[in-house]
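The values are calculated or read from the model by the stated rules, or taken from the named source; none is laboratory data. Quick caveat: nothing in here was measured; it's all calculated off a predicted structure. In this analysis, Cβ positions are derived from the backbone assuming ideal geometry, glycine residues included, and neighbour counts consider all displayed protein chains. Accessible surface areas use protein heavy atoms only, side chains included; no ligands, DNA or RNA. Shrake-Rupley method; radii C 1.70, N 1.55, O 1.52, S 1.80 Å.
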Amino acid sequence: MKNISTNQGQSPAQDILDEFNRYVMNEIPIHLIYLPTMELVGRNFVKNHFQDRIKEITEDLVVEAQARFVPPLTREKVVPTLVRRKVEYGILSHRWLDSGEPSYQDMMERKLSGSSGPSNVGYLLSNITSRPKDGRHTLHTSHSENKVQSPGYKKLQKCCEEARRLDLHFLWSDTCCIDKNSSAELDESIRSMFRWYRNSSICIAYLGGTTVIEDLRLEEWFMRGWTLQELLAPRKIKFFNKDWQRLTDQDDDKEEDTPLMTVLQEVTGIPETELIDFEPAPRYIDKQMTWAAQRITTRAEDVAYSLMGIFDVSLQIAYGEGGERAFGRLIEAIMQAGGYSSVLNWAGEPAKHHASFALPASPLSFVGHPDIVSIGRLDMMLTSRGLRIPLVIVPLEMTKPEFDGHPIINPKFYCPHHGIGEVKIDSRGYRFKPTFRQYALGIFHYIPAEESENPGLPKQVAAYLLERSEVNAEEDIPVGLSRQYRSFEDGWRRVPTGFIYVELPGVPDFASLWYVDRTCLETVYL
């Protein structure tokens, strides 16, 4: 077979062209602002614009890129990286104003109203001085001057100026680059937002309430839901203060051991390693949910939608479904995508859900979680009967006060098995029924059993408090509706307590496991 060492002056190899076409048509925003003319353009325009740059990806360049790693990377891994570096665009992150932000329709109307030469959009945003009138300059546009001079337009103009200084030809802004009248485009944009920020050459972050670094502690940008992914997703970010001055002298603010990074960690609660090089995955759910716990969104559903990219899952967008329903769908998608037990590491009242009492209501449910090490993946699924999940069931005994017919509050629980003794449980005011019930720890933090092995528990385990009605095995259970009702009542139910974290005395150290009999493992519907 012929060995091609270079393709200088020739068309790129077919796999490079295929990757280029795939990337542009799927991995970048639907619309971008073309900075030379300030017009909105589509993906086909972008593809034609970068055709010549793709020709720079020669076979020699591919081989060189492969050889930088030991062992050398495969061609299938190198080519997408080389293509992404050629398709450059900037992206704006900012806090929306209550009014005056330019919209998609504004941009398109001004584009259509132009007759010749650069579009009116170009005059509007890239050349504020247009025609002298009465000794001053005004904009040549059919729209009102007040709207033209609004803070939203000035913000976009400044961002475009910064992008041009970086020799970029394209910019994306969520205010005016999404046709929100198209439900299909809005849905795709929200689902793809994390990826668009990820693939940008740089994220230009405008902090409208900040002058110096210390102001970040009160900056509203860090209090909003959507800006969390806009902070984590970009590989390169540059912060600007309210006067559009660079907040630092660095070209990239995602650098280690800087005063800015120290403040960012304090403000966000996110470790420096994650701020600099975050990788989306449905794995460390309990920790990452706390990053979003204090952030707010205008629409309740956006609490869930803004977290899709961080956990690398996808949801159908359905505004109007309510915040808890949307968040429940997010949790369900995370469970199916990873199966990591950290998604269960939450406490308190569950979301209002028809099928299950074991779904958290919001990211706040994860605040204060015990730090558990991810040690296994569970087979979880939301069904019509509830959340189906295999738990290690450890029976508990409750010390009851003298029966007086009133609910029991803050009882004490003991575990006579394996020498555990008293189990401290913050019942958060839950009113336990005075009638006799069975109680148990439902341990979700364990290593799942293989076909020939028993499940293994670490020295410290996290669990739910479960309760169910005691059933006399010899009692006749009637058929019909009463049997269905009885069947539901006899199942385990999660009690909405605080976090339960138990140290097993039978495990010598944190590197050891306590293997329990497979009969302790029970698939429950919560």
Selected residue (criterion: modelled with the lowest pLDDT) from residues of the range 146-174 that are open to solvent by 10 Å² or more (accessible area, probe 1.4 Å) and among the polar types (S, T, N, Q): ASN146
Just name the residue that is nearest to the chain's Cα centre (by Cα) out of those in the range 188-223 that are among the acidic types (Asp, Glu) and part of a helix (DSSP H, G or I). GLU188
Would you confirm, using the coordinates I've provided, whether PRO29 is open to solvent by 50 Å² or more (accessible area, probe 1.4 Å) and in a loop (DSSP other than H, G, I, E, B)? no
Condition met for ARG385 (over 22 Å from THR227 (Cα atoms) and basic (Lys, Arg)): yes
Give the residues of the range 208-234 that are in contact (Cβ under 8 Å) with a residue 60 or more places away in the chain, touching a strand residue (DSSP E or B) at 6+ places or on another chain (Cβ under 9 Å) and not small (Gly, Ala, Ser), sorted by residue number. TRP221, MET223, ARG224, TRP226, THR227, GLU230, LEU231, PRO234
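For (1) hydroxyl-bearing (Ser, Thr, Tyr); (2) under 23 Å from VAL461 (Cα atoms); (3) out of contact with any strand residue (DSSP E or B) (no Cβ under 6 Å at 6 or more places or on another chain), each residue gets a yes or a no:
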| residue | (1), (2), (3) |
| --- | --- |
| GLU321 | no, no, yes |
| GLU324 | no, no, yes |
| GLY339 | no, yes, no |
| TRP346 | no, yes, no |
| PRO350 | no, yes, yes |
| HIS354 | no, no, yes |
| LEU359 | no, yes, no |
| PRO370 | no, yes, no |
| VAL373 | no, yes, yes |
Anything in the range 296-337 that is of a type in the set (Phe, Trp, Tyr) and open to solvent by 20 Å² or more (accessible area, probe 1.4 Å)? List them, or say none. TYR319
Which condition breaks for GLN265 when tested against (1) open to solvent by 10 Å² or more (accessible area, probe 1.4 Å); (2) modelled with pLDDT of 95 or more; (3) more than 28 Å from ILE204 (Cβ to Cβ); (4) in contact with an Asp or Glu (Cβ under 9 Å, 6 or more places away or on another chain)? (3)
LEU260 passes all but one of the listed conditions (1) part of a loop (DSSP other than H, G, I, E, B); (2) touching a residue at least 24 places away in the same chain (Cβ under 8 Å); (3) in contact with a Leu (Cβ under 9 Å, 6 or more places away or on another chain); the exception is number (1)
What number goes with the only condition from (1) of a type outside the set (Gly, Ala, Ser); (2) touching a strand residue (DSSP E or B) at 6+ places or on another chain (Cβ under 9 Å); (3) under 17 Å from LEU207 (Cβ atoms) that ILE285 does not pass? (3)
Filtering the range 282-295 for residues that are small (Gly, Ala, Ser) and surrounded by fewer than 16 Cβ atoms within 10 Å (Cβ to Cβ) leaves a count of 1
Please enumerate the residues belonging to the range 6-24 that are in contact with a Ser or Thr (Cβ under 9 Å, 6 or more places away or on another chain) and modelled with pLDDT of 95 or more. LEU17
Among the residues of the range 231-246 satisfying the criterion of being in a loop (DSSP other than H, G, I, E, B) and more than 26 Å from the chain's Cα centre (by Cα), which is surrounded by the most Cβ atoms within 10 Å (Cβ to Cβ)? TRP244
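Tally up the residues in the range 415-447 that are under 39 Å from the mean Cα position of the chain (by Cα), at negative phi and not hydrophobic (A, V, I, L, M, F, W, C), please.
Total meeting the criteria: 11.
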Given the range 362-439, what strands (runs of 3 or more DSSP E) lie entirely inside it while holding 1 or more residues that are open to solvent by 80 Å² or more (accessible area, probe 1.4 Å), modelled with pLDDT of 90 or more and hydroxyl-bearing (Ser, Thr, Tyr)? 412-415
Part of a strand (DSSP E or B), among the basic types (Lys, Arg) and either free of Cβ contacts under 8 Å to residues at least 40 places away in the same chain or open to solvent by 80 Å² or more (accessible area, probe 1.4 Å) (or both): is that true of ARG468 in this structure? yes
Does GLY348 qualify as being touching a Pro at 6+ places or on another chain (Cβ under 9 Å), crowded, with 22+ Cβ neighbours inside 10 Å and either of a type in the set (Gly, Ala, Ser) or not in a helix (DSSP H, G or I) (or both)? no
How many residues does the range 74-87 hold that are touching a Lys or Arg at 6+ places or on another chain (Cβ under 9 Å) and either under 23 Å from ASP179 (Cα atoms) or open to solvent by 60 Å² or more (accessible area, probe 1.4 Å) (or both)? 1
When you go through GLY90, GLY117, GLY42 one by one, which is the residue that is modelled with pLDDT of 95 or more and surrounded by fewer than 16 Cβ atoms within 10 Å (Cβ to Cβ)? GLY42
So the helices (runs of 4 or more DSSP H) completely within the range 266-330 holding 2 or more residues that are under 25 Å from ASP252 (Cβ atoms) are 272-276, 285-292, 308-311
So is THR210 modelled with pLDDT of 95 or more and under 19 Å from LEU92 (Cα atoms) or not? yes
Among the residues in the range 53-73, are any surrounded by fewer than 18 Cβ atoms within 10 Å (Cβ to Cβ) and touching a Gly at 6+ places or on another chain (Cβ under 9 Å)? yes
State whether one or more residues within the range 485-492 are outside any loop (DSSP other than H, G, I, E, B), among the small types (Gly, Ala, Ser), open to solvent by less than 60 Å² (accessible area, probe 1.4 Å) and at pLDDT below 95. no
